[in-house]
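*Asks:* One structure coming up, written as structure tokens, with questions to follow.
The values are calculated or read from the model by the stated rules, or taken from the named source; none is laboratory data. No experiment lies behind these values; they were computed from the predicted model shown. Positions of Cβ are generated from backbone atoms using ideal geometry, with glycine treated the same way; all protein chains shown enter the neighbour counts. Side chains are part of the model used for accessible areas, which takes the heavy atoms of the whole protein and leaves out ligands, DNA and RNA. Shrake-Rupley method; radii C 1.70, N 1.55, O 1.52, S 1.80 Å.
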Amino acid sequence: MSKLFICGTPIGNIKDITIHCLEILKEVDIIACEDTRQTLKLLNFYGIKKKLVSYHEHNKKIAGENILKLLNSGKNVAYVSDAGMPCISDPGADLVVFARENSFDVEIIPGPSAFTTAIALSGLNTKQFVFEGFIEQKKRAEFINRIKYEKRPTIIYEAPHRLLKTLQFLSNELEDRNLFLARELTKIHEEIFYGTIDETIKFLTENPPRGEYVILIYGAKNDENFDEMSIAEHVKFYLQNNYDLKSAIKNVARDRNISKSQVYSVVHKS
């Protein structure tokens, strides 16, 4: 039976690819990709000649149906994103669901990811972290509400033409928070920068943004002593800071290392 393969490809250095991935790309009948030009560079480097079909955010419904027809006809299909591990900030997850809903097997061929590479390079204590991907411009207020009191590092992606605007927004909302900024990871011109948000803005004003960036936002340093609050007061603290009740309960449970049901029980009684 035909199968859909989700293949991780290099994020920068073209040699950062697994032997398994190369074997699969050589063996499948069709390769679906976000940008055929980008994927062609990779295939040409390794001497792989395959038919490419386009599958991206703007054509995923029609392209997904065409990929399903290929699978139905007995063809094995590989999907690759422009760079890194698919299904992270790209429409690959929709393709996985589509294939499974139609009873086709899906096999993952793991590969590198920009945000995990940045985490390792940053040196931050990242036993726990929050990954937000690209911030939806119309939902920036919701994003800030989620991370304003978040003690874990938060990781986002940003395009060069929006980067300074996004950093200015973060400066206005998060005050003097530290950042780790990275671009061109694993490439010759890899660039990283540590500093406050305002220091990062100054650096990028002098060194105009190029390429997509990974940004690690350091966790909040809460001055609030939650141990001295009752659970009800703790919930009220988050509600007064524009969190909805569900988010407030989740945060209180995390802060106090207790279950959400315990917090909900207190809220319900009050």
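Per-residue answers, yes or no, for (1) open to solvent by 20 Å² or more (accessible area, probe 1.4 Å); (2) more than 24 Å from the chain's Cα centre (by Cα):
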{"residue": "LEU170", "(1), (2)": "no, no"}
{"residue": "PHE193", "(1), (2)": "yes, no"}
{"residue": "LEU204", "(1), (2)": "no, no"}
{"residue": "VAL214", "(1), (2)": "no, no"}
{"residue": "LYS246", "(1), (2)": "yes, no"}
{"residue": "ASN251", "(1), (2)": "no, no"}
{"residue": "TYR264", "(1), (2)": "yes, yes"}
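*Asks:* Go through segment 25-56 and count every residue that is open to solvent by less than 50 Å² (accessible area, probe 1.4 Å) and over 21 Å from ALA93 (Cβ atoms).
*Replies:* Residues meeting the conditions: 3.
Yes/no matrix, rows are residues, columns are (1) without any contact (Cβ under 8 Å) to a residue 12 or more places away in the chain; (2) open to solvent by 10 Å² or more (accessible area, probe 1.4 Å); (3) among the hydroxyl-bearing types (Ser, Thr, Tyr):
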{"position": "VAL96", "(1), (2), (3)": "no, yes, no"}
{"position": "GLU101", "(1), (2), (3)": "yes, yes, no"}
{"position": "ILE109", "(1), (2), (3)": "no, no, no"}
{"position": "LEU124", "(1), (2), (3)": "no, yes, no"}
{"position": "LYS127", "(1), (2), (3)": "yes, yes, no"}
{"position": "GLU136", "(1), (2), (3)": "yes, yes, no"}
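*Asks:* Here are ASN13, ASN76, ASN59: which of them is within 27 Å of ILE156 (Cα to Cα), open to solvent by 30 Å² or more (accessible area, probe 1.4 Å), of a type in the set (S, T, N, Q) and in contact (Cβ under 8 Å) with a residue 60 or more places away in the chain? Before you say what the answer is, go through the steps one by one.
*Replies:* On the way: ASN76 fails: within 27 Å of ILE156 (Cα to Cα); ASN59 fails: in contact (Cβ under 8 Å) with a residue 60 or more places away in the chain.
Exactly one residue qualifies, and that residue is ASN13.
*Asks:* Hey, another quick one. Of all residues in segment 191-223, how many are in a loop (DSSP other than H, G, I, E, B) and modelled with pLDDT of 95 or more? First the steps, then the outcome.
*Replies:* The first filter runs over segment 191-223 and keeps only residues in a loop (DSSP other than H, G, I, E, B), leaving 207-212, 218-223.
From what is left, the residues that are modelled with pLDDT of 95 or more are none.
Selection size over segment 191-223: 0.
*Asks:* I've got another one for you. Among (1) open to solvent by 40 Å² or more (accessible area, probe 1.4 Å); (2) closer than 19 Å to ASN145 by Cβ; (3) in a loop (DSSP other than H, G, I, E, B), which single condition is ILE188 missing?
*Replies:* Condition (2) is where ILE188 drops out.
*Asks:* Output the strands (runs of 3 or more DSSP E) that fall wholly within segment 33-115 and possess 2 or more residues being under 23 Å from the mean Cα position of the chain (by Cα), or say none. Give the derivation first.
*Replies:* Values: elements: 51-54, 77-80, 105-109.
By residue number, 77-80, 105-109.
*Asks:* Continuing with the same structure: Take the residues in segment 173-185 that are without any contact (Cβ under 8 Å) to a residue 60 or more places away in the chain and part of a loop (DSSP other than H, G, I, E, B), then tell me which one is surrounded by the most Cβ atoms within 10 Å (Cβ to Cβ).
*Replies:* Of all residues in segment 173-185, those without any contact (Cβ under 8 Å) to a residue 60 or more places away in the chain come to 173-179, 181, 183.
Keeping just the survivors that are part of a loop (DSSP other than H, G, I, E, B) gives 175-177.
Values: GLU175: 11, ASP176: 10, ARG177: 19.
The qualifying residue surrounded by the most Cβ atoms within 10 Å (Cβ to Cβ) is ARG177.
This table checks each residue for (1) at pLDDT 95 or above; (2) in contact with a helix residue (DSSP H, G or I) (Cβ under 9 Å, 6 or more places away or on another chain).
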{"site": "THR9", "(1), (2)": "yes, yes"}
{"site": "HIS20", "(1), (2)": "yes, no"}
{"site": "ASP29", "(1), (2)": "yes, yes"}
{"site": "CYS33", "(1), (2)": "yes, yes"}
{"site": "LYS49", "(1), (2)": "yes, yes"}
{"site": "LYS60", "(1), (2)": "no, yes"}
{"site": "TYR79", "(1), (2)": "yes, yes"}
